[in-house]
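So the structure is just underneath, and the comments pick up after that.
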C-alpha cells in the first residue's frame, strides 16, 4: 500500500475534503508508541506543548497536557492538563479538570469533576468528587461523595462520607459515615449527620421527626427508667449560645466565603435567650444515680462537642408523672 505525505503551508486555514462516508483524517500509532508521546500535540508559537490528545486503547481517552501519561488501566477518561497524570492500574475512572485525580495509581471507579478534584488519592475507589478541590486530600478511602467547592477537602477522610455544599468538611482525619449538608457545615465525629452551619436558626417541615421504635428490633428491654429521682435533680437554665466560638472550633470561617450576611446571622443568633440544660450537668446527674441516659450525646473525640437529645427527656418525665400519680392515689386511699 502506498503512503502519501502531504504538507500544507497556509497562513489562514486548511481544508480537507474526501469522498462521502469515509474517515477524513487517520493517525496511525507506531508499534512502540507510548503515552508520553501522544498521537496529537498542540503547541504555541514557541513550540511549547499546550494540549495532548491521545489514547492507548479504544476504552481510554486522554485529552490534556500530560494527562494519562502513566496509564496501563482500562476504561479511563482523563480530560484536562495533568488529569489522571499518575494513573497506572486504575480502571473505570473519569476525571475532568486541571489535576483532577492527579495522583491516582490503582484506585478505580472514581468520578472527579473540577480542578484538583480528588487530586491526591492514590488508591481510593468508588468515590465521587464534584467541585474545585473536592475530596482533594483524601488518599485511599472508598464510597465518599462530595459536591461543592472544597467539599470534604481539608482532611484525609475515611469511608462512606457525604458532603453537600461549599466548604462542607470534618474537623479531623479518618472520620467515617458522616453527612454534612450546607455551606461550611462541619462534622466532628464519625457516624454523625449535620444539616446547616452554626448560623442556621431554624429547621422545619410539615411533620414531626420519626424515630424507628419497632419492638421486634429491641433487645434487653428493661423497665428501669428513673423518674422523680432524675427529674428533680435537673436544673433548667436560660443562656445565650456562643455561636462564634462554635463556628471557630468547627473551622467554619472560610475567608471571604463567610461573608458579612453570615456573620450577621451569627450575631443575631447569639442574641436569642435560649432555655435548656447544661449537657455536662445532665451527664453528671445521670451517673450519680446510675442512669445510663441516652439523652446525652457525649463527645467522641477531643474535637467533638457535647449535645442533648431533648426528646429523650420525655421518657423519665413520663415515669415521674406515673410515680406522682401512684403517690396521689396512695394518699387518696389513706385519707378515706
Problem set entry | residue 136 farther than 20 Å from residue 59 by Cβ, outside any loop (DSSP other than H, G, I, E, B), modelled with pLDDT of 95 or more and out of contact with any helix residue (DSSP H, G or I) (no Cβ under 7 Å at 6 or more places or on another chain) | no
Exercise. Here are some conditions: (1) under 14 Å from the mean Cα position of the chain (by Cα); (2) at pLDDT 95 or above; (3) not in a strand (DSSP E or B). Residue 129 meets all but one. Which one does it not meet?
Worked result: (3)
Problem set entry | Top-ranked residue in segment 224-260 [being modelled with pLDDT under 95 and loosely packed, with under 10 Cβ neighbours inside 10 Å; ranked as farthest from residue 168 (Cα to Cα)] | 260
For this session: Considering each of 208, 259 in turn, give the residue that is out of contact with any helix residue (DSSP H, G or I) (no Cβ under 8 Å at 6 or more places or on another chain) and under 30 Å from residue 324 (Cα atoms).
Result: 208
For this session: Can you give me the number of residues within segment 139-159 that are part of a loop (DSSP other than H, G, I, E, B) and either surrounded by 22 or more Cβ atoms within 10 Å (Cβ to Cβ) or touching a strand residue (DSSP E or B) at 6+ places or on another chain (Cβ under 8 Å) (or both)?
Result: 11
Exercise. Listed residues 263, 319, 303; which is surrounded by 12 or more Cβ atoms within 10 Å (Cβ to Cβ) and modelled with pLDDT of 95 or more?
Worked result: 319
Exercise. How many of the residues in segment 271-305 are over 17 Å from residue 227 (Cβ atoms), in contact (Cβ under 8 Å) with a residue 12 or more places away in the chain, outside any loop (DSSP other than H, G, I, E, B) and out of contact with any strand residue (DSSP E or B) (no Cβ under 8 Å at 6 or more places or on another chain)?
Worked result: 3
Exercise. Since residue 219 meets every condition but one in (1) surrounded by fewer than 18 Cβ atoms within 10 Å (Cβ to Cβ); (2) farther than 30 Å from residue 289 by Cβ, which condition does it not meet?
Worked result: (2)
For this session: State the number of residues belonging to segment 66-78 that are surrounded by fewer than 19 Cβ atoms within 10 Å (Cβ to Cβ) and within 16 Å of residue 115 (Cβ to Cβ).
Result: 0
Seminar exercise, completed: Expected single match for part of a strand (DSSP E or B), in contact with a strand residue (DSSP E or B) (Cβ under 7 Å, 6 or more places away or on another chain), crowded, with 20+ Cβ neighbours inside 10 Å and touching a residue at least 12 places away in the same chain (Cβ under 8 Å) among 95, 100 is 95
Exercise. Somewhere in segment 28-51, is a residue surrounded by 15 or more Cβ atoms within 10 Å (Cβ to Cβ), within 30 Å of residue 126 (Cα to Cα) and at pLDDT 90 or above?
Worked result: yes
Exercise. Which numbered condition trips up residue 188, out of (1) surrounded by 19 or more Cβ atoms within 10 Å (Cβ to Cβ); (2) within 30 Å of residue 325 (Cβ to Cβ)?
Worked result: (2)
Exercise. Does residue 313 meet the test of being touching a strand residue (DSSP E or B) at 6+ places or on another chain (Cβ under 9 Å), modelled with pLDDT of 95 or more and within 24 Å of residue 200 (Cβ to Cβ)?
Worked result: no
Exercise. Counting only residues that are touching a strand residue (DSSP E or B) at 6+ places or on another chain (Cβ under 8 Å), assigned to a loop (DSSP other than H, G, I, E, B) and touching a residue at least 60 places away in the same chain (Cβ under 8 Å), how many does segment 160-183 have?
Worked result: 1
Problem set entry | Residues located in segment 111-123, provided they are in contact with a strand residue (DSSP E or B) (Cβ under 6 Å, 6 or more places away or on another chain) and part of a loop (DSSP other than H, G, I, E, B) | 117, 118
For this session: Would you be able to say whether some residue in segment 192-206 is modelled with pLDDT of 95 or more, part of a loop (DSSP other than H, G, I, E, B) and at positive phi?
Result: no
Exercise. When you go through (1) in a strand (DSSP E or B); (2) under 19 Å from residue 297 (Cα atoms) one by one for residue 246, which number turns out not to apply?
Worked result: (1)
Problem set entry | Checking residue 63 against (1) closer than 26 Å to residue 139 by Cβ; (2) crowded, with 18+ Cβ neighbours inside 10 Å; (3) modelled with pLDDT under 95, the condition it does not meet | (3)
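The values are calculated or read from the model by the stated rules, or taken from the named source; none is laboratory data. All values derive from a computational prediction rather than experimental measurement. Neighbour counts are summed over all protein chains in view; Cβ atoms, including those assigned to glycine, are modelled from backbone coordinates with ideal geometry.
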